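The values are calculated or read from the model by the stated rules, or taken from the named source; none is laboratory data. Note that this is a predicted model, so its numbers are computed, not measured. Here the Cβ positions follow ideal geometry from the backbone for every residue, glycine too, while neighbour counts run over all protein chains shown. To get the accessible areas, we keep the full protein, side chains included, count just its heavy atoms, and leave off ligands, DNA and RNA. Shrake-Rupley method; radii C 1.70, N 1.55, O 1.52, S 1.80 Å.
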Amino acid sequence: MKTLTCTTPGTFEYSETEKPELKKDHAIIKIKRIGICGTDLHAFDGTQPFFNYPRVLGHELSGELVEADGAADFKIGEAVTFIPYFNCGECIACRMNKPNCCVKMQVCGVHVDGGMREYLQVPSRTLLHGEGLSYDELALVEPLAIGAHGVRRAGVQPGEFVLVIGAGPIGLGTMEFARIAGANVIALDINEDRLAFCKDKLKVTHVVNAIQPDVVQQLSDMTNGDMPTVVIDATGNQKAINNAINYMAHGARFVLIGLQKGDLIFNHPEFHKRESTLMSSRNATIEDFEHVIKSMKAGLVNPTNYITHQVKFEEIKDEFESWLDPKNGVIKAMVSVGL
């Protein structure tokens, strides 16, 4: 089978590798779609934490189930996606029903080789039914689940003002699921095109450009002087994260979905006087994946809004670097594999 490997930062190589042989309690998926996410871009760029090379990237995946063991509810030939976080099932996090932050976590395409190849073997317990969704839609379930999990971590309530910092794919999904939870959503970004996308495609009422000098005043005006009671960072940008304390209401919750390599540095008095709650949000759980699929089927989310670039598997090597350039307007690149 054809496989694409990120051998070193900035370098991809195609090769012929062996098709996997079915193992006990595993399933083999014929990959149909590969969504390109920030993790893949950062890995290629050499800025992704927890990463080693060489690595086969790709974890936003969908395909056809071609072989399976221990997957009684699934039929060969059906469209599927899967949860790409392979947990141990035994550690303290798994025992606390938090498999998304397993101590021995193996994320497909990050810690272990992923889906930039024609066939991929995964644990059968991670499979998810396609539920009539298209391959494009199924490949977008995972990134949307990241945002859904962050919203669930925040405990968003109807009527709350929720500020989402970063209008990339994860931030956009976070906005959608905050809206579904009944929140008044505010988008903050430095890219006017992304902010226009929020207004035009996602119907986000409030948008703010972070470069403007009066961000705090704008947020105060939008929230009737209260400031947002939930702030969610989806940038992984140290400056954005460190500044976010200034955007929080007293008693607010701050959720970090984005990940950066540096230290968190807050003004302690500003954080303390608000009695702020700080949370990280890692990956997602089956509840989040099911919530996303249900929301898609109900028409609450139109995942194809996100797809701005479509290429064939054979074109990834030549096209990938261009997706790093903000001028190209990439929100989600979707790769088709095979016919």
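Name every residue in region 182-193 that is open to solvent by 30 Å² or more (accessible area, probe 1.4 Å) and either in contact with a helix residue (DSSP H, G or I) (Cβ under 8 Å, 6 or more places away or on another chain) or not in a helix (DSSP H, G or I) (or both), in order of residue number.
To start, the set of residues in region 182-193 that are open to solvent by 30 Å² or more (accessible area, probe 1.4 Å) comprises 182, 184, 190-193.
Answer for region 182-193, where residues must be open to solvent by 30 Å² or more (accessible area, probe 1.4 Å) and either in contact with a helix residue (DSSP H, G or I) (Cβ under 8 Å, 6 or more places away or on another chain) or not in a helix (DSSP H, G or I) (or both): G182, N184, I190, N191.
Taking region 290-313 as the search range and keeping residues that are in contact with a Phe, Trp or Tyr (Cβ under 9 Å, 6 or more places away or on another chain) and under 19 Å from P84 (Cα atoms), which one is least open to solvent (accessible area, probe 1.4 Å)?
Among residues in region 290-313 that are in contact with a Phe, Trp or Tyr (Cβ under 9 Å, 6 or more places away or on another chain) and under 19 Å from P84 (Cα atoms), the one least open to solvent (accessible area, probe 1.4 Å) is V292.
So, E90, is that one open to solvent by 20 Å² or more (accessible area, probe 1.4 Å) and among the acidic types (D, E) or not?
Numbers: open to solvent by 20 Å² or more (accessible area, probe 1.4 Å): yes; among the acidic types (D, E): yes.
Yes.
In the set V110, V156, V151, which member is closer than 23 Å to V301 by Cα and assigned to a loop (DSSP other than H, G, I, E, B)?
Working: V110 fails: closer than 23 Å to V301 by Cα; V151 fails: assigned to a loop (DSSP other than H, G, I, E, B).
Checking each option against the conditions leaves just V156.
Is there a residue being at pLDDT below 95, closer than 22 Å to G236 by Cα and not in a loop (DSSP other than H, G, I, E, B) anywhere in region 44-63?
For region 44-63, residues at pLDDT below 95, closer than 22 Å to G236 by Cα and not in a loop (DSSP other than H, G, I, E, B): present.
Pairs, please: C-beta under 7 Å, at least 6 apart or cross-chain, first residue within 24 Å of M175 (Cβ to Cβ) and in region 254-281, second among the acidic types (D, E) and open to solvent by less than 90 Å² (accessible area, probe 1.4 Å)?
Listed pairs, sorted by first residue: L256/D233; I257/D233; G258/D233.
Quick check on my filter: what residues within region 128-148 are open to solvent by less than 10 Å² (accessible area, probe 1.4 Å) and outside any helix (DSSP H, G or I)?
If the condition is that a residue be open to solvent by less than 10 Å² (accessible area, probe 1.4 Å) and outside any helix (DSSP H, G or I), then G130, L140 are the ones that fit.
Only one of (1) outside any strand (DSSP E or B); (2) farther than 24 Å from K294 by Cα; (3) open to solvent by less than 60 Å² (accessible area, probe 1.4 Å) fails for L202. Which number is that?
Condition (2) is where L202 drops out.
Would you call Y119 surrounded by fewer than 22 Cβ atoms within 10 Å (Cβ to Cβ), closer than 18 Å to M1 by Cβ, more than 20 Å from the chain's Cα centre (by Cα) and aromatic (F, W, Y)?
Working: surrounded by fewer than 22 Cβ atoms within 10 Å (Cβ to Cβ): yes; closer than 18 Å to M1 by Cβ: yes; more than 20 Å from the chain's Cα centre (by Cα): yes; aromatic (F, W, Y): yes.
Considered against the rule, which asks whether it is surrounded by fewer than 22 Cβ atoms within 10 Å (Cβ to Cβ), closer than 18 Å to M1 by Cβ, more than 20 Å from the chain's Cα centre (by Cα) and aromatic (F, W, Y), Y119 comes out as yes.
Exactly one condition in (1) under 20 Å from G147 (Cβ atoms); (2) part of a loop (DSSP other than H, G, I, E, B); (3) among the acidic types (D, E) is false for E176; which is it?
(2)
Of the residues that make up region 314-329, is at least one small (G, A, S), open to solvent by 30 Å² or more (accessible area, probe 1.4 Å) and closer than 28 Å to V230 by Cβ? Show your work before the answer.
Keep residues of region 314-329 that are small (G, A, S), which gives 322, 329.
Next, from what is left, pick out any that are open to solvent by 30 Å² or more (accessible area, probe 1.4 Å): 322, 329.
Restricting the remaining residues to those that are closer than 28 Å to V230 by Cβ gives none.
No, every residue in region 314-329 fails to be small (G, A, S), open to solvent by 30 Å² or more (accessible area, probe 1.4 Å) and closer than 28 Å to V230 by Cβ.
Could you list all residues from region 161-180 that are under 23 Å from I245 (Cβ atoms) and open to solvent by less than 30 Å² (accessible area, probe 1.4 Å)?
Result: V162, L163, V164, I165, G166, A167, G168, G171, T174, M175, A178.
Taking G338 as meeting all but one of (1) under 17 Å from D136 (Cβ atoms); (2) part of a strand (DSSP E or B), write down the number of the exception.
(2)
Can you pull out the residues in region 2-19 that are open to solvent by less than 30 Å² (accessible area, probe 1.4 Å) and more than 22 Å from the chain's Cα centre (by Cα)? So that I can check it myself, show each step before the final result.
Just the residues of region 2-19 that are open to solvent by less than 30 Å² (accessible area, probe 1.4 Å), to begin with: 3-6, 12.
Once the filter is applied, which keeps residues that are open to solvent by less than 30 Å² (accessible area, probe 1.4 Å) and more than 22 Å from the chain's Cα centre (by Cα), region 2-19 yields T3, F12.
Does any residue of region 297-307 turn out to be small (G, A, S), over 21 Å from L140 (Cα atoms) and not in a helix (DSSP H, G or I)?
If we filter region 297-307 for residues that are small (G, A, S), which is where we start, we get 298-299.
Next, only the ones that are over 21 Å from L140 (Cα atoms) stay: none.
No, that holds for no residue.
Quick check: is even one residue across region 39-54 within 29 Å of S134 (Cβ to Cβ), open to solvent by 70 Å² or more (accessible area, probe 1.4 Å) and not basic (K, R)?
yes
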